[in-house]
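Here the structure is laid out as structure tokens; the discussion comes afterwards.
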């Protein structure tokens, strides 16, 4: 039985800023842009991984949610306490420089980790933590 990842979700509070970041800074392609019941979902993904989608979604994708619940989710998102994603790259230092030059909010500069990767971290425009790593050369 084979199991593989097809989709993951990232909450965003501004779709235009999120699309600009994921498309223009990270090089993702926009695959779908759907509206339903006053909400919006945008699917992006790496051209190198056509079978894996990242869905940019509202912080609380429930049209029946209370205003209090919506506010709570917005606060968690603003603090960077919701989802995070780890990307693999073949050159973490070059990736870091490209994202930083585009104005990405740096959380961690590239460093060698004891668990065998070199990585760095940024926040996307909504506050989500994104890590970029590559296996360390032996």
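Each value in this text was obtained by applying a stated rule to the coordinates, not by laboratory testing. What you see is a predicted model; the values in this text were computed from it and never measured. Virtual Cβ from ideal backbone geometry, glycine too; neighbours counted across all protein chains shown.
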Report summary line: With a Förster distance of 25 angstrom and the Cβ-Cβ distance between residue 112 and residue 17, calculated FRET efficiency to the nearest 0.05 equals 0.20
Query raised in the report: If you count the DSSP beta bridges with both ends in region 7-135, what percent of them are antiparallel, to the nearest 5?
Result: 70 percent
Report task. Determine the percent antiparallel among the DSSP beta bridges restricted to region 1-67, to the nearest 5. Result -> 65 percent
Requested in this report: Largest first and in whole Å, give the semi-axes of the chain's equivalent ellipsoid, each being the square root of 5 times a Cα gyration tensor eigenvalue.
Outcome: 27, 17, 15
Query raised in the report: Sorted by mean Cβ packing within 10 Å, highest first, what order do the peptides 120-129, 50-59 take?
Result: 120-129, 50-59
